[in-house]
Amino acid sequence: MVQSFTKKKGITTMEDSTVKDLKAGLLGRLIQQTDEDYNEARKVYNGMIDKHPRMIARCEDVADVVFAVNYARENNMLVAIKGGGHNGAGLGMCDDGLVIDLSRLDSVRVDPDRKTARVEGGCTWRKVDHATHTFGLAVPSGIISSTGVGGLTLGGGIGYLSRRYGLTIDNLLEAEMVLANGSFVRASESENADLFWAIRGGGGNFGVVTSFLFKLHPVSIDYAGPTLWEMDHVKQVMQWYREFILKAPRELNGFFAFVQVPPVEPFPKEHHLKILGGIIWCYTGPLDKGAQVLKEIKNQLPPPAVDLTGPIPHPALQSMFDALYPAGQQWYWKADFVEKLSDEAIDLHIAHGRNLPSMGSSMHLYPINGAVHDVKSDATAWSYRDANWAEVIVGVDADPANRQKITDWTREYYDALHPYCSEGAYINFMMEEGDERIRATYRGNYDKLAKIKRKYDPDNLFRVNQNIKPAMA
């Protein structure tokens, strides 16, 4: 039955009978626009996003997810899936639709003997890191611990462990999902293998993932941290880095970044608020060798202005940037994949990096060679296995008044560098950029994804994402 909605004082409301039916089908809460906590519930990580759904179904279990999906489909409602809410474009939220909020589905079950972890779809990486670290294990993930497991995984998953252990999707063994028709299925190499192929990089296009099963790796204490140089030395550092990281041992990861030094300890006072360029290292080899490995690197380069490398528990490294990037700041993202880092591109990076518009604004170059290259480009939906870096440029500021300033800086930087990059980008770093950009990101895998979309979501119920439209029959 198609339900009816009415407008009252500028707010979309549901008829009382419909509210009763919807609430009766949920174990969790149904949050509406008239509820006191509605504005808090609709917030996402990016403070630039201001969307107003009709309702938010805060699911308590898989049964709630099934009910909410069925309700959205039967009532022809726009539906968004909110996990951690970190998506830059705010695709965990929608206007005038139903948000399926998974934040209460956040359990982690570690099997230390099998070296696996079963993680529910609303979990954040902070909870995963905490649970797995107890056993000296870790899942390859990102660099901010408040990030949602679901969004990061379905988009690919780039982070400190990528060069050694691959993308997050390369460590995904299976997923449990609710499909658009309300059915509950398992996707793995042996069950619904086409669906399993698609969700490894295809984003939230194919259903609601209620749990992931990950392979774990022995990671406990890293030798890691930032090494930062004055801008006058950055060209030399970047030229050295572009060669070194492509041949470095896999247990060593390092992403390049421009930063404005926070005015807090342990950063030296003489460098507070300076703009520096540097590399954030992560060495996961034998801990007693870490200092020597980093010493040999530093001997090849000018003396750094800041060097904070040392032994650090892996969860602490994963959350190192959390304080700099609390929820609610304004974010504007632009991204590309990069195969080669030319001298001309380096000069442009430095020209724009010198002018960071705020403390949180940055450019990161994440290496995606090593183990990422071991997987063929058509083995998963994630197609850019031949790229060497994932580049992201972010304008970040706590003050909404600076929204245009950080957006303009990001766009100008991106426009200058894009001619030196690939056509596609890591979808977790993309804003809403249109169908052509999505096709460019999936390249030769797009047509296969569109056919799988037609099979599992023919009416495109799950379209609040980097959307892959169902192929024509």
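The values are calculated or read from the model by the stated rules, or taken from the named source; none is laboratory data. This is a predicted model, so every value here is computed, not measured. Here Cβ is always computed from backbone atoms with ideal geometry, including for glycine, and neighbour counts include all displayed protein chains. Please note that ligands, DNA and RNA were not included when accessible areas were found on the heavy atoms of the full protein model with its side chains. Shrake-Rupley method; radii C 1.70, N 1.55, O 1.52, S 1.80 Å.
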Quick check, is THR410 modelled with pLDDT of 95 or more, open to solvent by less than 20 Å² (accessible area, probe 1.4 Å) and either farther than 26 Å from PRO140 by Cβ or assigned to a strand (DSSP E or B) (or both)?
yes
Residues of the range 389-406 being in contact (Cβ under 8 Å) with a residue 60 or more places away in the chain and either under 15 Å from the mean Cα position of the chain (by Cα) or open to solvent by 10 Å² or more (accessible area, probe 1.4 Å) (or both), which ones?
ALA390, ILE393, VAL394, ASP397, ALA398, ASP399, PRO400, ASN402, ARG403
Would you mind finding the one in ALA138, ALA89, ALA117 that is within 23 Å of the chain's Cα centre (by Cα), farther than 30 Å from GLN329 by Cα and small (Gly, Ala, Ser)?
ALA117
So VAL234, is it in a helix (DSSP H, G or I) and either in contact with a helix residue (DSSP H, G or I) (Cβ under 6 Å, 6 or more places away or on another chain) or within 19 Å of ALA316 (Cα to Cα) (or both)
yes
Kindly provide the set of residues from the range 413-439 that are in a helix (DSSP H, G or I) and under 17 Å from the mean Cα position of the chain (by Cα), ordered by number.
ILE427, ASN428, PHE429, ILE438
Within the range 415-458, which residues are surrounded by fewer than 15 Cβ atoms within 10 Å (Cβ to Cβ), under 17 Å from ALA198 (Cα atoms) and acidic (Asp, Glu)?
ASP447
The one condition in (1) crowded, with 22+ Cβ neighbours inside 10 Å; (2) touching a Ser or Thr at 6+ places or on another chain (Cβ under 7 Å); (3) farther than 30 Å from ILE393 by Cα that ARG54 fails to fulfil
(1)
Just for strands (runs of 3 or more DSSP E) wholly inside the range 273-353: which have at least 2 residues that are crowded, with 20+ Cβ neighbours inside 10 Å and at pLDDT 95 or above?
275-283, 330-338
Can you pull out every residue in the range 226-264 that is of a type in the set (S, T, N, Q), within 16 Å of THR309 (Cβ to Cβ) and surrounded by fewer than 23 Cβ atoms within 10 Å (Cβ to Cβ)?
THR227
If the requirement is being in contact (Cβ under 8 Å) with a residue 60 or more places away in the chain and under 14 Å from SER211 (Cα atoms), which of these qualifies: LEU172, LEU161, LEU152?
LEU152
